[in-house]
C-alpha cells in the first residue's frame, strides 16, 4: 500500500516561497511512500536542494524520514535538526499531506511560527504494480464494502462510484465513462462473487453513500 503523490509544478512552489519571503530552507523528505512515487526520498531531497540553491536559496539542512506521518518518529528526527529549524524561514516537506501536517503538529510547541509547505499533491491510496506505476484501489472512505463485494472496491473500481450496479451504461463489460475502454467495476464484482460462490451478496440493495461524511476529520483509537 502506498499513498500516491505527484509533484506540484516548480513554479507553484517558488511562487509560494516568494510569498513567504523565505530564503533559508529546511527540507524534510519522506523515505517511504513519496520515495516510491519518486516525489521524495533521497533523490527528491537532492533534486530540490539543487533547484533551490540554483535559485539563490540557502538549504540549511535536509533529512529523509522513514515515517514522516508518525508524530513519534518526527519528534525524534526533528530534535536532531532543531538548531537549523530555528534559523530557517520555512520548512519544505517532500511528502503527502499527512506528513506535512505531522511536521506542523510536532513543531507547534517549539517553532509554531515557522511555515511548513508541501511540494506534492496527494492523489490516493494505491496498489503498486511496479516502481512508478500505481493503481487507485482505496479512497479511505471509512465504510469498507470489500466483504460484500468480493474484495473489489466499488468506490474506486466503478467509474461512477455506485453502490449498486451495473448501471445502464455498461456494454459488454465495459463502462461508458472513457468511451468503453475501461472495465465496468460491477461486472468485475459480479464475476468475482460468482467465482467464490457468493452471488447472494450481489443482489443486496445498498443505500447510496453519504458523501457528506467523506473527508470529515476522524480519530481512530485502538483499545
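The values are calculated or read from the model by the stated rules, or taken from the named source; none is laboratory data. Bear in mind that the values here come from a model prediction, so they are computed numbers and not experimental data. Positions of Cβ are generated from backbone atoms using ideal geometry, with glycine treated the same way; all protein chains shown enter the neighbour counts.
Considering only the range 88-102, how many residues are closer than 15 Å to residue 34 by Cα and in contact (Cβ under 8 Å) with a residue 40 or more places away in the chain? Selection size over the range 88-102: 7. Is it fair to say residue 36 is closer than 17 Å to residue 2 by Cα, crowded, with 17+ Cβ neighbours inside 10 Å and in contact (Cβ under 8 Å) with a residue 40 or more places away in the chain? Yes.
Taking helices (runs of 4 or more DSSP H) as the structural unit, those lying wholly within the range 10-108 and holding at least 1 residues that are under 24 Å from residue 135 (Cα atoms) correspond to 33-36, 41-54, 97-106. Scan the range 59-81 for residues that are in contact with a helix residue (DSSP H, G or I) (Cβ under 8 Å, 6 or more places away or on another chain) and surrounded by fewer than 20 Cβ atoms within 10 Å (Cβ to Cβ) and jot them down. Within the range 59-81, 59, 60, 61, 63, 66, 67, 70, 71, 75 qualify.
When residue 53 is tested against (1) closer than 30 Å to residue 138 by Cβ; (2) touching a strand residue (DSSP E or B) at 6+ places or on another chain (Cβ under 7 Å); (3) free of Cβ contacts under 8 Å to residues at least 24 places away in the same chain, only condition (1) is not met. Candidates are the residues of the range 145-161 that are crowded, with 19+ Cβ neighbours inside 10 Å and farther than 14 Å from residue 205 by Cβ; the one that is farthest from the chain's Cα centre (by Cα) is 150.
Can we say residue 98 is touching a helix residue (DSSP H, G or I) at 6+ places or on another chain (Cβ under 8 Å) and on the phi < 0 side of the Ramachandran plot?
On the way: touching a helix residue (DSSP H, G or I) at 6+ places or on another chain (Cβ under 8 Å): no; on the phi < 0 side of the Ramachandran plot: yes.
For residue 98, the condition - touching a helix residue (DSSP H, G or I) at 6+ places or on another chain (Cβ under 8 Å) and on the phi < 0 side of the Ramachandran plot - is not met.
When 86, 40, 62, 56 are checked against the criterion of being modelled with pLDDT of 95 or more and under 18 Å from the mean Cα position of the chain (by Cα), 40 stands alone in meeting it.
Consider residue 164 carefully, then state whether it is part of a loop (DSSP other than H, G, I, E, B), under 28 Å from the mean Cα position of the chain (by Cα) and either modelled with pLDDT under 90 or within 24 Å of residue 2 (Cα to Cα) (or both). It is false that residue 164 is part of a loop (DSSP other than H, G, I, E, B), under 28 Å from the mean Cα position of the chain (by Cα) and either modelled with pLDDT under 90 or within 24 Å of residue 2 (Cα to Cα) (or both).
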